[in-house]
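Asker: One structure, as C-alpha cells, below. Some questions next.
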Amino acid sequence: MSAPILEARNITKRFGGLTANEDISLALHAPVGHVVSVIGPNGAGKSTFFKMLSGFIKPSSGQILLHGQDITGMSPHRIARLGLVRTFQETTIFPDLTAMEHVSLAHQLHREASDLEVIFGMPRARGDEIRLGESAREILELMELHAVGDTEARHLPQGLLRLLGMAMGLASRPQVLLLDEPYAGLNPEETNRAVAITRKVAASGVSILLVEHDMKAVMAISDRIHVLYFGKKIAEGTPAEIRENPKVIEAYLGTEDEELGL
C-alpha cells in the first residue's frame with residue numbers, strides 16, 4: 001500500500017487533567033478523491049481532533065504527517081500552504097461582498113504580486129487578477145454557484161452559504177480538505193445537493209476528511225468511517241461495517257436508529 005496522503009500517529013491532547021483525545025491514529029490513503037468521515041456522539045473529541053490536524057491546537061503527543069512530512073505543531077497558515085485546508089462550522093462572510101468576491105479573496109495564498117505591486121496596479125498584480133479570477137470562476141462552476149456569483153452574501157440562503165464556505169476552501173488549492181460539519185442546519189433537499197457536490201469535489205482530485213452529525217449524509221458519502229467515543233477511536237471501516245459494529249451501536253445507544261442509518 002502506498003504512503004498515506006495524511007496520517008495521524010497516536011495523537012493525544014490533554015487539557016490539564018482532561019484528556020480530549022487519546023492515542024488516535026488515522027490515515028488517508030490513495031487513491032486521491034476518497035471521502036473519509038469522523039463521527040461520534042457529542043463530546044467524543046471530534047472537533048479537538050480536527051483542530052490538531054489543521055494546526056489550531058498542538059497535540060500533547062503523537063505525530064501528524066502530510067505526504068510523509070511532519071507538520072505537527074505547524075501554524076495553520078503553513079499547513080494550508082502545504083495543501084491541507086480546513087473549513088469551519090460557521091461560514092465567515094462579508095455580507096456586502098458577492099460570492100465571486102469571496103472566492104477571489106480566498107485565493108490570496110497563491111498571489112504572486114507583492115502588496116506594493118497590488119497598490120500600484122503593476123503588471124504582475126494585473127496578471128494575478130486575471131489568473132485568480134479565472135480560477136474563482138472555475139470553482140464557482142464546480143460548486144454549482146456560478147448562477148449566484150454576482151449575488152451579495154447577505155442574500156444567499158444557508159445551503160448556498162455552506163457551499164460558498166467549501167468554495168473558499170478550494171481556493172487555497174488543497175490536496176486534503178477538512179470539512180467541519182458541512183451539512184449542519186441544512187434541510188434534506190439542501191443536504192442531498194451538498195452531498196452530491198462534495199462528491200464532485202472529491203472526484204476533481206481532492207481528498208476529503210469530514211466531521212458530521214448527519215448520519216444519513218455520512219453513510220451516503222463516505223468511503224471509510226472512523227468512530228470516536230470519549231476521546232478514543234473505537235471503530236474504523238466502511239459504512240456497511242460501521243452499521244453492524246457492536247461498539248458503535250453501544251456508543252450511540254439511546255439515539256434514534258435512523259440516526260445511524262440502521
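Asker: Kindly evaluate SER25 against the criterion of being in contact with a strand residue (DSSP E or B) (Cβ under 9 Å, 6 or more places away or on another chain) and either under 17 Å from ILE234 (Cβ atoms) or not assigned by TED's automatic domain parsing to the domain that holds MET219 (or both).
Answerer: yes
Asker: Within the range 216-234, count every residue that is among the hydrophobic types (A, V, I, L, M, F, W, C) and in contact with a strand residue (DSSP E or B) (Cβ under 6 Å, 6 or more places away or on another chain).
Answerer: Matching residues across the range 216-234 total 5.
Asker: Name, by its number, the condition in (1) at pLDDT below 90; (2) over 15 Å from the mean Cα position of the chain (by Cα); (3) surrounded by fewer than 17 Cβ atoms within 10 Å (Cβ to Cβ); (4) part of a loop (DSSP other than H, G, I, E, B) that does not hold for GLN89.
Answerer: Against the list (1) at pLDDT below 90; (2) over 15 Å from the mean Cα position of the chain (by Cα); (3) surrounded by fewer than 17 Cβ atoms within 10 Å (Cβ to Cβ); (4) part of a loop (DSSP other than H, G, I, E, B), GLN89 comes up short only on (2).
Asker: Looking at SER47, SER60, SER54, SER37, can you tell me which residue is of a type in the set (Gly, Ala, Ser), touching a residue at least 60 places away in the same chain (Cβ under 8 Å) and touching a Lys or Arg at 6+ places or on another chain (Cβ under 6 Å)?
Answerer: Numbers: SER47 fails: touching a Lys or Arg at 6+ places or on another chain (Cβ under 6 Å); SER60 fails: touching a residue at least 60 places away in the same chain (Cβ under 8 Å); SER37 fails: touching a Lys or Arg at 6+ places or on another chain (Cβ under 6 Å).
Being of a type in the set (Gly, Ala, Ser), touching a residue at least 60 places away in the same chain (Cβ under 8 Å) and touching a Lys or Arg at 6+ places or on another chain (Cβ under 6 Å) holds for just one of SER47, SER60, SER54, SER37, which is SER54.
Asker: Name the one entry in ASP214, ASP257 that is within 23 Å of GLY45 (Cα to Cα), at pLDDT below 95, buried (at least 18 other Cβ atoms within 10 Å of the Cβ) and not hydrophobic (A, V, I, L, M, F, W, C).
Answerer: Checking each option against the conditions leaves just ASP214.
Asker: So, in the range 136-191, how many residues would count as being assigned to a helix (DSSP H, G or I) and of a type in the set (D, E, K, R)?
Answerer: Counting residues in the range 136-191 that are assigned to a helix (DSSP H, G or I) and of a type in the set (D, E, K, R) gives 7.
Asker: Do we have any residue at all in the range 12-27 that's exposed (fewer than 14 other Cβ atoms within 10 Å of the Cβ), more than 17 Å from the chain's Cα centre (by Cα) and not in a strand (DSSP E or B)?
Answerer: Yes: one or more hits.
Asker: So, of the residues in the range 64-86 that are surrounded by fewer than 17 Cβ atoms within 10 Å (Cβ to Cβ) and among the basic types (Lys, Arg), which turns out to be modelled with the highest pLDDT?
Answerer: ARG78
Asker: Just to be sure before I move on: is VAL176 modelled with pLDDT of 90 or more, within 30 Å of LEU65 (Cβ to Cβ) and among the β-branched types (Val, Ile, Thr) in the structure I sent?
Answerer: Yes, satisfied.
The values are calculated or read from the model by the stated rules, or taken from the named source; none is laboratory data. Just so we're clear, the structure is a prediction, and the values are computed from it rather than from any experiment. Glycine also receives a Cβ, built like all others from the backbone with ideal geometry; neighbour counts cover every protein chain displayed.
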